[in-house]
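One structure is given below, encoded as structure tokens.
The values are calculated or read from the model by the stated rules, or taken from the named source; none is laboratory data. Bear in mind that the values here come from a model prediction, so they are computed numbers and not experimental data. When we count neighbours, we look across all protein chains shown, and the Cβ atoms used for this are built from the backbone with ideal geometry, even at glycine. Accessible surface is based on the protein model in full, side chains and every heavy atom, while ligands, DNA and RNA are left aside. Shrake-Rupley method; radii C 1.70, N 1.55, O 1.52, S 1.80 Å.
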Amino acid sequence: MDPQLDAPPTAHSRLGPPIDARPLFVPEHAALMATLRGLTPDDWGREAVPGWSVRDVVAHVLGDCYGRLARHRDGHREGHREGHRDGGREGPAFAPGEDLPAYIHRINQQWVDAHSRVSPAALTDTLELIGGQVARLFAESDPVAPSLGVSWAGADPAPMWLDSARELTEYWTHRQQIRHATGQGTDPDPRVLSVVLDTFLRALPHTLRDIAAPAGTQVRIHVTGSAGGTWTGTGSAGGTWTGTGSAGGTWTGTGSAGGTWTGTETAGGTWSGTETAGGTWTATATDGGDWSMAYPGDGQPAALVRLDTETAWRLCVRGIEPADALTRAEIEGDRQLAEAACRIVSVVY
């Protein structure tokens, strides 16, 4: 399905096997430059995303590249400013009451506005230089080093393999937006698209984080096509559970993936272990659980969602809404779990 790294288990094992996106940055950058060099003057003014023209998107990509070089190659810090959420964040400060999505959207717009006087030709020439340096930076990166957080995967800090794969999806997605704005379809090259899809679907455990399910419950997304594949989130029963024993007592506790339970009875006694001789217990999850992609996905899923490639990637970047994706999907099993899986989003939104 995609290039994957051999790596020892880590705190991020729940995200599944590490992805090796490093060899793809140079060809992806070359594909972007070929797309830009082929644009007509009128193409640069076409709307690529709501509120942004093709020229605006290119300016945004250039800003991303400059930011990456400043942080990871040059170790540049603007200094600590009042309003920062943490002392390690570079760049402008958070405004009072501003959350991460609002902050990202604001500073992105400020960058695009500041480059309104830069011509398409100058943007292209600059991006060719700076983007090429970023591509080489990622190609030479250490995939297991700690890096920037990936909020939509619930990883902060994230390992570099996830951060770099996320960045590849950013460049690829913006290239598709430019292609679509200028009358071209999605680039079907499975070399990159398969890695993009694999990266996007690593958001599945975080997407299901508020869904309570018994240990071993599986939710599976299958994407059709040559670049597609199958991704499975498995519940590890990490939430709070309540239940009633056959002897009449009630309890609350925390379940582990192995079927062992610890908890406290309402009468005040404590117990641990799997109840076999002492009574039969039935438990119901009440406040969500932990989900992981680290377990084998070969069991019978409680919910299976089949999506075509175009629907899958557009859903993950909110090019289409979950309700629209559900009308295009084939669903087997638990409808509520399937709907929860289709709330997946793999960008700051």
Number of the condition not met by T10 [criteria: (1) modelled with pLDDT of 95 or more; (2) more than 15 Å from A135 (Cα to Cα); (3) among the hydroxyl-bearing types (S, T, Y)]:
(1)
Return the residues of the range 113-139 that are within 24 Å of the chain's Cα centre (by Cα) and open to solvent by less than 20 Å² (accessible area, probe 1.4 Å); say none if nothing qualifies.
G131, V134, A135, F138
The lone exception for P23 - which of (1) at pLDDT below 95; (2) open to solvent by 60 Å² or more (accessible area, probe 1.4 Å) it fails:
(1)
Go through the residues of the range 300-311 one by one and say whether even a single one is in contact with a helix residue (DSSP H, G or I) (Cβ under 6 Å, 6 or more places away or on another chain), surrounded by 19 or more Cβ atoms within 10 Å (Cβ to Cβ), more than 23 Å from A212 (Cβ to Cβ) and at pLDDT 95 or above.
yes
Give the number of residues within the range 27-39 that are surrounded by 14 or more Cβ atoms within 10 Å (Cβ to Cβ), in a helix (DSSP H, G or I) and in contact (Cβ under 8 Å) with a residue 24 or more places away in the chain.
7
Does G79 satisfy the criteria of being at pLDDT below 95, farther than 30 Å from H222 by Cβ and open to solvent by less than 30 Å² (accessible area, probe 1.4 Å)?
no
State the number of residues belonging to the range 194-224 that are assigned to a helix (DSSP H, G or I) and touching a helix residue (DSSP H, G or I) at 6+ places or on another chain (Cβ under 7 Å).
9
Does D163 satisfy the condition of being more than 30 Å from W291 (Cα to Cα) and part of a helix (DSSP H, G or I)?
no
